[in-house]
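These notes are about the structure you will find just below.
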Protein chains: 2
Amino acid sequence: MAEPLIISIDVMGGDFGPSVTLAGADLELTRRPDLRYELFGDEAVVLPMLEQYPRVKAASRFHHCEVTVAMDEKPSSALRHGRWKSSMWRAIEAVKKGEAHFAVSAGNTGALMAMSKFCLRTMANIERPALAALWPNLKSESIVLDVGASIGADAQQLIGFAVMGAAMARALFHTDVASVGLLNVGVEDVKGNEEVRAAGQILKETALANLQYEGFVEGDDIGRGRVDVIVTEGFAGNIALKTAEGTAKQLTSYLRTALGRTWLTRIGYFLARGAFQGLREKMDPRKYNGGVFLGLNGIVIKSHGGTDAFGFAAALDLGYDMARNGLMSKIETDLAHYYREQAAISLAAGEKGS
Amino acid sequence: MAEPLIISIDVMGGDFGPSVTLAGADLELTRRPDLRYELFGDEAVVLPMLEQYPRVKAASRFHHCEVTVAMDEKPSSALRHGRWKSSMWRAIEAVKKGEAHFAVSAGNTGALMAMSKFCLRTMANIERPALAALWPNLKSESIVLDVGASIGADAQQLIGFAVMGAAMARALFHTDVASVGLLNVGVEDVKGNEEVRAAGQILKETALANLQYEGFVEGDDIGRGRVDVIVTEGFAGNIALKTAEGTAKQLTSYLRTALGRTWLTRIGYFLARGAFQGLREKMDPRKYNGGVFLGLNGIVIKSHGGTDAFGFAAALDLGYDMARNGLMSKIETDLAHYYREQAAISLAAGEKGS
C-alpha cells in the first residue's frame, strides 16, 4: 500500500469550526482510507468533539494551539497575534516542516494568504501567489486563476499563473498537456491591456512541453470549457467568479418561482424532480469548494468559511488528488523549464543584437 | 399628440442587414406609432425591401449611402473609407445635425465607436465614452458600465461613468435618484485597486442630488439587484458581462440535458412547459439587446450584430424610452452639477490650505 498522505487541518477555521472540519475529515476518510491528519486547534473545544469521530481520531495527531484567528480579523492583526501559535499558522507550518503534504483551512482568507506567504515564502521567480479555483464547464471542469489573491499582474506574473495553472490541471485532470487561455475582452491580438497582450506574445513564442497556449479567451469561453486553464489577474478573476455565482443563483431563483406558479407546473416539477436533483448536484457549489494558493513553497487550500462537512471534504479531496499526482514537483519542473526557455530566448536575442 | 421621436438607423449594419433592421423598425412602430425614421443604406438593397414594410416606408425618409462598413473591418479602415459617406457615419451624423434624437446600428462595434467619437465628440470633461448595458436582476434591471468601450479607467473616469449611468437609470427606470455601486473584489474600503478606492472616496464625499452612492459591490451583487447602476472599467465589465452570458447558457444546457434524460422527466417538462417558456422569456437576451454609448454629444445605440427583428426593435425601444425621458439633458445637468461640486470642494481645500 502507498505511503499515507498527510493533511494538516486548521480545525478552528470557518464559520462553524470543528463541527464542520472534523465531520468533513471523517467523510473524506471514507473515500481515502490512506489519509492521515495533523489537527491544529483549541484542545478544550476539539478534544471532546473528536470523541464523536473515532475514525478521525485514529488517523490523526492532535496539536493544541492557544490562538484562533477570528473570521473578521485583519491580516496584519492575525499575523501579529497568531504567528507561530495559531491553529492556522501551525497547519501551514506543518507543510513547511514536511510533516504534511498540504494544509487546509476554512478560516479568514486574508489572514490565510498573509500567513501562507510569510511562512512558506514564494517560489523562485514568483513574486506573488495566485488563488486558483475549479470551475465547472459544459465539458468537465477548468481552472481559473487568479481569482483574487492579488490585484493586477504584469506579463511575467500572468505567465507564472499560466505555468502553475497548467501544472495544476495536469495533476488534477490526469493529462500530460494542459490547454491555457488568457482571459481578455476579445480574441484578436490587439485586444486588451498591455500586460495581457505582452503575456500572449511571450506564450506564443515560447515552446513549452506541458502547456498548449490557445490564445485569448472571453468570459463566455469559461463555461464553454474551451481550455483547461483560464489565466487572468485577480481583480477581473474575482469579478468573473462572483458574477458567475450570482448568475447561477439568479437563474435558480427564476426557475423556482416559475415552477411554483401553477398546479400544472408544480406537477411537472414533481415528475421531473429527478432532473432537478441531478442539476442541483451538478451545480452544487460544495463540490467545487477549495481555492488553491499556487506559487508558494507548499500547498495551502482555502475552503469556503460557510461550507458544510460535504464541502470541507471536497476541499480535502482536491488537495489529495493534486498531492498524489505530484503537483509541487510538476510546478517546479514546469517553472524551471519556462525560465530556461526564456533565458535561451534572451540569450539568442542578445547574440543576434551584438 | 407629442412631437414625433426620430431615430436614425444604419439599415445596412448587422449580420443580416435590412432584413432584420427594417423588420425591427416595423415591429417597433406597432409599439410606438409616434416614431419617425431616418434610414441610411444602399438604395439597391434597401428600396426593394422597403416595399415590404409600407408602415416603415410611410414613417421614414430614406438616404442613399454608397458605402457600407463591413462587420469585420478595422475601425481605422472604416474611418478611412466610410467617413462622411457610409450608412453608419451618416446615421450618427443625423444625431449631430439634430435631425434625429438618437442613432442605432447593429454594425461593427469598433467602427461604430470610432465613428461616434469622431463625429459627435466627447462631452466636456469626459475623456472617453463608456458602453452601458442593461442587466436583468432578481428585482428588475440594472445598468452596468463600461462593458468594453475602453480598457482601464482612472478615478475621475469612473465617476464620470457613475454620473452618466445614474442619469441613464433615472431616464429608464423613472426614478429621481439612482443608486450606484462601484464593482470591486470586496466591500471593505481597503479592497481593490487605487482607481476604484479613489473613486469611492470622492463619491462618498460629494453630495449629488440624483445619485445615491452605495459603496463597493461584488460580482454576485449584480444579479441580486443591489443597486441600479454598477460602475467598472471596461476590461472587468466586459468579462463580467460575457461570463454571466456564458453561465446562463451553461445552466440552460445542463437543464435541457437533465430534462431529456428519462420518460418521467420528459413528461414533467411537458407539464411544466409554461414555466420554462416564462423562464426563456425572462432570460431572452434579445430583450436586453442594445448597448448605449454614453459621454458623447448625442446618443448612439449599438445593437448586437446577430440579433433578429425582435432584438433590433428592443434596441430601438431602449433609445425611445431614454430620449423621451430627456437622457441627454439629464446627463448634462448631472455632470455639470458634479463638476460644480468638485470645484467647490477643491476651492474649499485650497482656502483651508492657504
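The values are calculated or read from the model by the stated rules, or taken from the named source; none is laboratory data. Worth saying up front: this structure is predicted, and the values here are computed from it rather than measured. No Cβ is skipped: glycine too gets one built from the backbone with ideal geometry, and neighbour counts run over all protein chains shown.
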So B:GLU38, is it of a type in the set (Asp, Glu), assigned by TED's automatic domain parsing to the domain that holds B:HIS101 and free of Cβ contacts under 8 Å to residues at least 60 places away in the same chain: no
Considering (1) over 23 Å from A:LEU335 (Cβ atoms); (2) not in a helix (DSSP H, G or I), say which one A:VAL144 fails and leave the rest. (1)
Here the residues within region B:246-264 that are free of Cβ contacts under 8 Å to residues at least 24 places away in the same chain and more than 7 Å from every other protein chain (Cβ to nearest Cβ) are B:ARG256, B:THR257, B:GLY260, B:TRP263
For region B:248-267, which positions are over 21 Å from the mean Cα position of the chain (by Cα) and either among the acidic types (Asp, Glu) or surrounded by 17 or more Cβ atoms within 10 Å (Cβ to Cβ) (or both)? B:GLN250, B:LEU251, B:TYR254, B:LEU255, B:ALA258, B:LEU259, B:THR265
Single residue of B:ILE239, B:ILE202 found to be crowded, with 17+ Cβ neighbours inside 10 Å and closer than 30 Å to B:GLY326 by Cα: B:ILE202
Working carefully through the options B:ALA169, B:ALA149, find the one that is assigned to a helix (DSSP H, G or I) and either in the same structural domain as B:GLY200 (by TED's automatic domain parsing) or closer than 21 Å to B:THR243 by Cβ (or both). B:ALA169
Options A:PRO54, A:PRO75: the member that is surrounded by 17 or more Cβ atoms within 10 Å (Cβ to Cβ) and out of contact with any strand residue (DSSP E or B) (no Cβ under 8 Å at 6 or more places or on another chain): A:PRO75
Among the residues of region A:83-99 satisfying the criterion of being touching a helix residue (DSSP H, G or I) at 6+ places or on another chain (Cβ under 8 Å) and under 23 Å from A:LEU316 (Cα atoms), which is surrounded by the most Cβ atoms within 10 Å (Cβ to Cβ)? A:MET88
Consider B:ILE230 against the criteria (1) in contact with a Ser or Thr (Cβ under 9 Å, 6 or more places away or on another chain); (2) more than 9 Å from chain A (Cβ to nearest Cβ); (3) in contact (Cβ under 8 Å) with a residue 60 or more places away in the chain; (4) more than 26 Å from A:ASN193 (Cα to Cα): it satisfies all of them except one. Which criterion is unmet? (4)
Can you list the strands (runs of 3 or more DSSP E) lying wholly within region B:1-99 that have 3 or more residues being within 20 Å of the chain's Cα centre (by Cα)? B:5-10
Sort out which residues of region B:100-120 are buried (at least 24 other Cβ atoms within 10 Å of the Cβ), aromatic (Phe, Trp, Tyr) and part of a helix (DSSP H, G or I), and write them in order of number. none
What is the number of the single condition among (1) more than 10 Å from chain B (Cβ to nearest Cβ); (2) crowded, with 24+ Cβ neighbours inside 10 Å; (3) among the hydrophobic types (A, V, I, L, M, F, W, C) that A:PHE216 does not meet? (2)
I'm trying to understand the selection: among the residues of region B:288-303, which are of a type outside the set (Ser, Thr, Tyr) and either at pLDDT 95 or above or closer than 15 Å to B:PHE161 by Cα (or both)? B:GLY291, B:VAL292, B:PHE293, B:LEU294, B:GLY295, B:LEU296, B:ASN297, B:GLY298, B:ILE299, B:VAL300, B:ILE301, B:LYS302
Between A:GLN201, A:GLN156, which is farther than 29 Å from A:ILE299 by Cα, more than 11 Å from chain B (Cβ to nearest Cβ) and out of contact with any strand residue (DSSP E or B) (no Cβ under 8 Å at 6 or more places or on another chain)? A:GLN201
For region B:323-344, indicate whether the set of residues that are within 22 Å of the chain's Cα centre (by Cα), outside any helix (DSSP H, G or I) and surrounded by fewer than 16 Cβ atoms within 10 Å (Cβ to Cβ) is non-empty. yes
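Can you confirm whether A:LEU211 is within 14 Å of another protein chain (Cβ to nearest Cβ) and among the hydrophobic types (A, V, I, L, M, F, W, C)?
Judged against the criteria, A:LEU211 is not a match.
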Give me a count of the residues in region B:185-225 that are touching a residue at least 60 places away in the same chain (Cβ under 8 Å) and farther than 23 Å from B:HIS337 by Cα. 4
Identify, by number, the condition in (1) out of contact with any Lys or Arg (no Cβ under 8 Å at 6 or more places or on another chain); (2) of a type outside the set (A, V, I, L, M); (3) under 23 Å from A:ALA314 (Cβ atoms) that A:PHE40 doesn't meet. (1)
Note on region B:172-196: residues in a helix (DSSP H, G or I) and surrounded by 17 or more Cβ atoms within 10 Å (Cβ to Cβ) are B:LEU172, B:GLU195, B:VAL196
